[in-house]
1. Given the structure, is His114 within 24 Å of Arg206 (Cβ to Cβ), crowded, with 20+ Cβ neighbours inside 10 Å and either modelled with pLDDT of 95 or more or of a type in the set (Asp, Glu) (or both)?
2. Return the residue satisfying two criteria in turn: it lies in the stretch 122-134 and is open to solvent by 30 Å² or more (accessible area, probe 1.4 Å) and either at pLDDT 95 or above or among the charged types (D, E, K, R) (or both), and of such residues it is farthest from Phe170 (Cα to Cα).
3. Considering only the stretch 186-205, how many residues are open to solvent by less than 30 Å² (accessible area, probe 1.4 Å) and either hydrophobic (A, V, I, L, M, F, W, C) or within 18 Å of the chain's Cα centre (by Cα) (or both)?
4. Can you tell me which residues in the stretch 55-69 are farther than 21 Å from Leu162 by Cα, in a loop (DSSP other than H, G, I, E, B) and either touching a residue at least 40 places away in the same chain (Cβ under 8 Å) or in contact with a strand residue (DSSP E or B) (Cβ under 6 Å, 6 or more places away or on another chain) (or both)?
5. Filter the stretch 48-80 down to the residues that are under 15 Å from Pro113 (Cβ atoms) and surrounded by fewer than 16 Cβ atoms within 10 Å (Cβ to Cβ) and list them by number.
6. Please tell me if Thr276 is within 22 Å of Ala67 (Cβ to Cβ), surrounded by fewer than 19 Cβ atoms within 10 Å (Cβ to Cβ) and either in contact (Cβ under 8 Å) with a residue 12 or more places away in the chain or of a type in the set (Lys, Arg) (or both).
7. Which residues, counting only those in the stretch 206-244, are without any contact (Cβ under 8 Å) to a residue 24 or more places away in the chain and either open to solvent by 20 Å² or more (accessible area, probe 1.4 Å) or aliphatic (A, V, I, L, M) (or both)?
Amino acid sequence: MTPLHKLSLLTLVLLVALSSQLKAIVSFEAGDVFVSLEPGPVQWHRPDGTLRGILIPTVPGLGEGMAFDASGNLHVARWCVDGPCEHTGNTIEKFDVNGQSMGAVGSGFNCNPHTIDFDSIGSAYVGQAGCRRTIMKFVQSEIFPTEHTVAVENQGVFWMDLAADDCTMFYTSVGPNVKRFDMCTDTQLPDFNVAPLPGGVTHDLRVLPDGGVLVSSGSVIARLDQFGVLARTYQVPGESSLWAGLDLAADGTFWAANYFSSTVHKFNLEDGAHLTSFNTGTPPNTAVAVRVMR
């Protein structure tokens, strides 16, 4: 092989390596932390909390809840900011795995979609905070969603998480309870918690592998065991808090956003230890939802 051929081969190898590195840099990766900001953008952080990029919206409206589909695309609820809910928001925006907006998806929203989830076969669920305050189910083979009327408290369906059985939807309505609805039989179920949650203003929640639930609840984050009994609370001493979005990581920890401070904190799920945090650098009352890429 001539020196020129060697050089060309080396150049090719370097270009392939560089291409692979660039692809890794611009694509969502396991452990990455995403923070939905109320003004609209989504911050993309590495697992250690350092800022990796910002997802710029092309769909107007406030940034609310988020969820990943099976392909790793990120869906963000856009809450309307105009009174009639006709011109700004009131839809879902989809970002591809490179963080590029693919525009609005879904249809038939009444007003203020706030929370999103997917089941194991790819059906999408959207909880509406306003107007009819329902859960809408979008099946890929169907043109129009199925709408489920559920019991609510101080808001509509504000946050939700579907259990592993693909039927039981756990949700909150900015009240003192963790509510449940059977999506398969269209039946309201009893509240999950046996006593009102501390703080009385439930927000985001995650069903745990042991059957319990982790839920943002006012000034604390509460962990309920499989029987709905309060087992532990989490908080940051000295920081005034209204806990909003949260999500589980794969290493036995979780991230949670303090809406008051716009700071995102990481906790050990089992012992409650506060591990680290980062501030979004945005004004107070702007960090809403948190999702961790799996």
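The values are calculated or read from the model by the stated rules, or taken from the named source; none is laboratory data. None of the values given here were measured: they were computed from a predicted structure. Backbone-built Cβ (ideal geometry, glycine too); neighbour counts: all protein chains shown. Surface areas here come from the heavy atoms of the whole protein model, side chains and all, with no ligands, DNA or RNA. Shrake-Rupley method; radii C 1.70, N 1.55, O 1.52, S 1.80 Å.
1. yes
2. Restricting attention to the stretch 122-134, the residues satisfying the condition of being open to solvent by 30 Å² or more (accessible area, probe 1.4 Å) are 131-133.
With the extra rule that they be either at pLDDT 95 or above or among the charged types (D, E, K, R) (or both), the set shrinks to 132-133.
Numbers: Arg132: 18, Arg133: 15 Å.
The selected residue is Arg132.
3. Restricting attention to the stretch 186-205, the residues satisfying the condition of being open to solvent by less than 30 Å² (accessible area, probe 1.4 Å) are 192-193, 197, 200, 202-205.
Now restrict to residues that are either hydrophobic (A, V, I, L, M, F, W, C) or within 18 Å of the chain's Cα centre (by Cα) (or both): 192, 197, 202-205.
The number of residues fulfilling the criteria is 6.
4. Start the filter on the stretch 55-69 by keeping residues that are farther than 21 Å from Leu162 by Cα, which leaves 55-63.
Keeping just the survivors that are in a loop (DSSP other than H, G, I, E, B) gives 56-61.
Scanning the stretch 55-69 gives Ile56, Pro57, Thr58, Val59, Gly61.
5. Within the stretch 48-80, no residue meets the criteria.
6. no
7. First, the residues of the stretch 206-244 that are without any contact (Cβ under 8 Å) to a residue 24 or more places away in the chain: 209-212, 220, 225-226, 231, 235, 237-238, 240-241.
Pro209, Asp210, Gly211, Val220, Asp225, Gln226, Ala231, Gln235, Pro237, Gly238, Ser240 - these are the residues of the stretch 206-244 that are without any contact (Cβ under 8 Å) to a residue 24 or more places away in the chain and either open to solvent by 20 Å² or more (accessible area, probe 1.4 Å) or aliphatic (A, V, I, L, M) (or both).
Rundown of residues vs (1) at pLDDT 95 or above; (2) in contact with a Phe, Trp or Tyr (Cβ under 9 Å, 6 or more places away or on another chain); (3) assigned to a helix (DSSP H, G or I), yes/no style:
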| position | (1), (2), (3) |
| --- | --- |
| Leu9 | no, no, yes |
| Ala30 | yes, no, no |
| Gly40 | yes, no, no |
| Pro84 | no, no, no |
